[in-house]
Structures are given as structure tokens and as C-alpha cells.
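Colleague: Okay, here's the structure, questions in a sec.
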């Protein structure tokens, strides 16, 4: 096996192990066994268990965030002012696409995208927030424009807890394993509708900071 093949095999095996058992509880021994590699290979390619986890997450997060911006740009180019449904579709569709890409690599990897949002370790949370911060700056003006009565601070809170909280629950559930290329559009439509409903609720009386 070439060095590149070993590095990729470790990423694939780690992704499946993290999805099945959680990043905190994953077995490095199981990862090495599945990849046909040893501890020396892990340290050579990734340096540490946390660095291996970071590499797995970067492989998911970088194209996912790029795809969000591409979809938003396409929506703006098409309509000038994308409606709320289309903006939310651009926000969450890439997560479903990332789930299917992980599933195509290994069916055991289905829950990996949901694990990014559902009770992640501190370093995972920090990675996700850092990668999403510039994307949020692109999306928020369009959300505020669509829902001016809600306000930016409360919209930010709702996106975090209502949209991504729900998304994490959906994508880390047992039902996520049943999402396929044939059924994904229905799942995206259902999730977009629920997210739009949550974001569009009347503003609360207490300001959210």
C-alpha cells in the first residue's frame, strides 16, 4: 500500500469508527485494524489521535462550507434576493450531500455528519464554529432581509439551536442510515420546511444576545 493509500485508508476507517462510536470513544486499535495500518503509520501521517480526527473533519467541513456558499451565490444570481426557503435549502442541503458522500465511502459512516453537531468534543465544536463563521456572514444578511421583524441576534440563536440542533438530531439518528440518493430530496424538503417554520415564528419578547 502506498503512503497516500495508507493515509486515505486511515481517514476512511477513522470516519467510520467515529460515526459508530463517537469521536471521544472511538478505538484507535479498531481504526488501525480496519485500515490495515499500525500506530507508526498513524503517527507518521497524522501525529496524534486528535490530529487524525481533525483531518477527518476537515475532509467533511471544507467542501461542505464551500458548497453552502456556492448554493447561496447561485440563489442570489438567479433571483437577486433569495427567498427564505431557498436560503435555508442552501444552508442545509450540503449536510445531506456530505452524509451521502460519507455513506458512499462506508455505510457505517452515515452518522458522522450528525456527530459534528450533536454533543461534539470541545475541539470539534471549535473547528465547526471556525469553519462556519465566514459562511454565517454570507447568509445572515439574507436571513435578516427575509425576516426583518425577528432581528439578527434572535435569528442567530434560532439558526444555531433550531436549524443546526434539528439537523444534528436528524443526521445522527438511526433513520439517517435509511437516507439514499433516491430519498434525499424528500428529506431535504421536510427539513427545510421545519427550519423555515422555526425561523419564521414571531419574535420573543425577551431579547436574545
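Just so you know, all these numbers are worked out from the coordinates, no wet-lab data involved. Small disclaimer: the values here were computed from a predicted structure and weren't measured. Heads up, the Cβs are rebuilt from the backbone with ideal geometry, glycines too, and the neighbour counts pull from every protein chain shown.
Colleague: Which angle between 0 and 90 degrees, to the nearest 10, do you get for helix 184-200 versus the longest principal axis of the chain when only C-alpha atoms count?
Modeller: 50
Colleague: I would also like to ask the following. Can you show me the helix-derived [θ] at 222 nm for the chain, built from DSSP H runs with n ≥ 4 at -39,500 (n - 2.57) apiece and divided by the number of residues, rounded to the nearest 500.
Modeller: Details: 10 runs with 150 residues, N = 209.
For the chain, the value works out to -23500 deg cm²/dmol.
Colleague: Going by how many other Cβ atoms sit within 10 Å of their own, how do 188, 112 line up, fewest first? All intermediate terms of the calculation are to be shown ahead of the outcome.
Modeller: On the way: 188 18, 112 30.
So the residues, fewest neighbours to most, are 188, 112.
Colleague: Now, a different point. Checking the a/c ratio against 1.5 first, then a/b against b/c, what shape does the Cα gyration tensor give for the stretch 128-170? Walk me through the intermediate numbers first.
Modeller: Details: a/c = 2.33, a/b = 1.29, b/c = 1.81.
Oblate, since a/c reaches 1.5 and b/c is not below a/b.
Colleague: What is the angle, in °, between the Cα long axis of helix 84-105 and the longest principal axis of the Cα atoms in the chain? Nearest 10 is fine, range 0 to 90.
Modeller: 10
Colleague: Could you estimate the translational diffusion coefficient of the stretch 56-200 from the Stokes-Einstein equation, with Rh from the Kirkwood formula over C-alpha pairs, at 4 °C and 1.567 mPa s, in whole µm²/s? Kindly include the intermediate steps, with their values, before the conclusion.
Modeller: Details: Rh = 15.4 Å.
The estimated diffusion coefficient comes to 84 µm²/s.
Colleague: Next up: From Cα pairs below 8 angstrom and at least 6 apart in sequence, can you work out the relative contact order of the stretch 56-200, rounded to a whole percent?
Modeller: 33
Colleague: Which shape class applies to the stretch 88-136: rounded if a/c is under 1.5, otherwise prolate when a/b exceeds b/c and oblate if not, where a ≥ b ≥ c are the square roots of the Cα gyration tensor eigenvalues? Please report the intermediate quantities before stating the final value.
Modeller: On the way: a/c = 2.51, a/b = 1.26, b/c = 2.00.
Judged from the Cα gyration tensor, the stretch 88-136 comes out oblate (a/c at least 1.5, b/c at or above a/b).
Colleague: Arrange the following residues from fewest to most other Cβ atoms within 10 Å of their Cβ: 97, 58.
Modeller: 58, 97
Colleague: Sticking with this structure for a sec: How far is helix 49-79 tilted off the main Cα axis of the chain, in degrees rounded to 10, range 0 to 90?
Modeller: The angle comes out at about 30 degrees.
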